[in-house]
Amino acid sequence: MRRRSAAIRFALAAALWAGLAVSSPSAARTEIAPYIELDQSFLARLKGGSDEVLTWTSLAVGVDASISRPRAEGTASLRYEHQFGWGSRAADSDILSGLAAARYSLIPGTLSIEGAALATRVRTDGYSGASGSLLGAGDSTTHVWALYAGPTLTTHVRDLAVTAAYRIGYSRIDDHPDVTVGGVPVGAFDESVYHVLTGSVGMKPGRLPFGWTVSAGYEREDVTELDQRYEDVWARGDLTVPVSPTLALVGGVGYEDITISQRAALLDTNGNPVIGGDGGLVSDTSQPRLLAYDTDGLIWDAGVLWRPSRRTSLELRVGERYGHTHYVGNFSWRASPDSLLQIVYYDRIDSFGRAMNADLIAVPTDFAASRNPFSGELTGCAIGDNGGTCFNDVLAAISASNYRHRGLAAQYTRGGRRLNWGLALGWSQRKFIVPNSAVFTALRGTRNDYYYGELFGTYRLDPRSNLGASIYANYLDGGTGGIDVTNYGSYMTYNRLFGRRLSARAALGLDAIDSDALEQVISLLGQVGLRYSF
């Protein structure tokens, strides 16, 4: 397993660098900026925790790259950092973080291949935050690795629009920390492989007084923890009936079959689950697979599609799926060429691996990623001119279990000559799905809610200097057997360019973490650093 994991980490690192190989540095509209950086940071507890001030020195190397060509486009931000801790409580640590998204047209307008990859460090015990994964977090921190790739076919056969796509996704966390609910070990996410195959054929309104689409898909995810397996087979037909130039009625009906199963946990002579050397539950292969979720039958939905202009779109649907009433909706409004508002309400059966895959697919190829200035980690939002995604939700509560995932996500971005800023707000609810087994009794039917918000922006003072700032707040309602965690704070950075290659940065931040289990901790963070770009 370790040899396999090393190979996978190497493959992910290669994927993060992949955008750099699409064209040479001399190609038009290609920017590649490798750099080396030296920072000095401190963390002082203003309330709670130890009175000791933690200090560390960071040496980092990285690259920021963007490519825009007729057949290729992409963005990559990769950084490796080693933190040299000062004192006995400030241990050394390594952080590899990066985000990349790219698309290449094999046949322009018809066949393309796309992909994205993420590497970052997070806490797995729920205590997130700007200072949550810095020095002193101990074994509660781990690296997350994820990637996806696949081709997309879009073509026409006479009046018929034909599409097909395949995606393969991979997600992994380096360590396998113990996870308990009500004192019962329930395992933790290790790694998963996810496959998605979809296809559709249809016709827009025009030749007929309505538009129609017939589509089908297959999904499968295999998770190493207890050999979990998720399978979803579906097919449906949809109609679009215009009632005015800007309003249409939409609806669809189909069939879906979802099955989630896993192995039973091996028990010792006392009836307790056996924990393997990697910290995960050991599978009992002598018993038949346990069924955690099984539903099949008719699915349907109906709603409205409103498009008063090319800049505004609203779609709302209500129907039946997963054996319950099902609501989905999305709203998009581009008030100007430099501003975009997106609001999405979703409801799906999810897992950490599948949710991570969905977030990576939503990363635009021209993104600007939000990095924590004190650790360099990527745990916030990646936003581009045509939208983006935020990783706050998926990284807040990493679990090996499947869950019913409902939520609302809103993003607004606005660009300008000097000021660029954005706002992200979200809520999500996870209701866990586990088999009827004694090992999972404490987890069965439990749920948690997560709320997050972030206001971020940069202001160009002059051609050589700018200010950056972020204000954030997160709240995790752990539900039955869990902990409630509130995290909020802000930070500001000042950047100054000297000459063409040397720049300096100063950052100051305030972070607070409050929970039912621990006293409130408020931390002051500061940093000064130099960067040399090649």
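The values are calculated or read from the model by the stated rules, or taken from the named source; none is laboratory data. The model shown is predicted, which means the values in this text are computed figures rather than measured ones. Note that we place each Cβ from the backbone using ideal geometry, even for glycine, and neighbour counts take in every protein chain shown.
Observations, loosely collected:
- S215 being closer than 27 Å to I168 by Cβ, of a type outside the set (D, E) and free of Cβ contacts under 8 Å to residues at least 60 places away in the same chain: yes
- Failed condition for E221, given (1) acidic (D, E); (2) free of Cβ contacts under 8 Å to residues at least 60 places away in the same chain; (3) closer than 30 Å to Q342 by Cβ: (2)
- Checking each residue of region 324-344 against the condition of being acidic (D, E) and under 28 Å from G169 (Cα atoms) gives no match.
- The set of residues in region 478-534 that are part of a loop (DSSP other than H, G, I, E, B), in contact (Cβ under 8 Å) with a residue 24 or more places away in the chain and either in contact with a Leu (Cβ under 7 Å, 6 or more places away or on another chain) or not charged (D, E, K, R) (or both) comprises G478, G479, T480, G481, G482, I483, D484, A517, L518, Q520, F534.
- Subset of region 280-310 (residues that are of a type in the set (D, E) and surrounded by 13 or more Cβ atoms within 10 Å (Cβ to Cβ)): D284, D296, D301
- Residue within region 349-356 that is modelled with pLDDT of 95 or more, surrounded by fewer than 17 Cβ atoms within 10 Å (Cβ to Cβ) and part of a strand (DSSP E or B) present: no
- Complete set of residues in region 436-477 that are in a strand (DSSP E or B), within 30 Å of L290 (Cα to Cα) and polar (S, T, N, Q): N448
- Flag not set for W17, criterion: part of a strand (DSSP E or B) and either crowded, with 19+ Cβ neighbours inside 10 Å or modelled with pLDDT under 85 (or both).
- Among residues of region 260-279, those that are in a strand (DSSP E or B) and surrounded by fewer than 17 Cβ atoms within 10 Å (Cβ to Cβ), counted: 1
- Taking region 30-45 as the range and being under 28 Å from S523 (Cβ atoms) and surrounded by 14 or more Cβ atoms within 10 Å (Cβ to Cβ) as the test, the residues that pass are Y35, E37, D39, Q40, S41, F42, L43, A44, R45.
- Residue selected from region 193-246 under the condition among the acidic types (D, E) and out of contact with any Gly (no Cβ under 7 Å at 6 or more places or on another chain), by the criterion modelled with the lowest pLDDT: D227
- Assessment of region 282-289 against the conditions (at pLDDT 95 or above, in a strand (DSSP E or B) and not β-branched (V, I, T)) yields no matching residue.
- Scoring E320 on the criteria (1) exposed (fewer than 15 other Cβ atoms within 10 Å of the Cβ); (2) of a type in the set (D, E, K, R); (3) within 23 Å of V233 (Cβ to Cβ); (4) at pLDDT below 95 leaves a single failure, condition (4).
- Residues of region 411-446 satisfying the condition of being of a type in the set (G, A, S) and closer than 19 Å to A369 by Cβ: G415, G422, A424, G426
- Summed over region 50-74, the residues that are part of a strand (DSSP E or B) and over 25 Å from V122 (Cβ atoms) give a count of 5.
- No other residue among V363, V328, V344 is at negative phi, in contact with a Gly (Cβ under 8 Å, 6 or more places away or on another chain), crowded, with 17+ Cβ neighbours inside 10 Å and modelled with pLDDT of 95 or more apart from V344.
- Counted residues, region 456-491 - those being at pLDDT below 95, surrounded by 15 or more Cβ atoms within 10 Å (Cβ to Cβ) and of a type outside the set (G, A, S): 15
- Scanning region 221-249 for residues that are farther than 22 Å from Y194 by Cα and β-branched (V, I, T) gives T240, V241, V243, T246.
- Of all the criteria given as (1) surrounded by fewer than 17 Cβ atoms within 10 Å (Cβ to Cβ); (2) part of a strand (DSSP E or B), the one not satisfied by G206 is (2).
- For region 148-164, filtering for residues that are assigned to a strand (DSSP E or B), over 21 Å from the mean Cα position of the chain (by Cα) and more than 13 Å from G109 (Cα to Cα) leaves 3.
- Residues that are over 30 Å from L530 (Cα atoms) and either of a type outside the set (S, T, Y) or assigned to a loop (DSSP other than H, G, I, E, B) (or both), drawn from region 75-114: R103, L106, I107, P108, G109, T110, L111, I113, E114
- Single unsatisfied condition, I173 versus (1) surrounded by fewer than 19 Cβ atoms within 10 Å (Cβ to Cβ); (2) under 21 Å from R220 (Cβ atoms); (3) modelled with pLDDT under 90: (1)
- In a residue-by-residue description of region 391-405, the property of being of a type in the set (G, A, S), within 13 Å of the chain's Cα centre (by Cα), surrounded by fewer than 24 Cβ atoms within 10 Å (Cβ to Cβ) and in a loop (DSSP other than H, G, I, E, B) applies to at least one position.
- Tally, over region 294-319, of residues that are more than 27 Å from P337 (Cβ to Cβ) and in contact with a Ser or Thr (Cβ under 6 Å, 6 or more places away or on another chain): 1
Let's see how each residue does on (1) modelled with pLDDT of 90 or more; (2) among the basic types (K, R):
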position: R79; (1), (2): yes, yes
position: I107; (1), (2): yes, no
position: L135; (1), (2): no, no
position: T163; (1), (2): yes, no
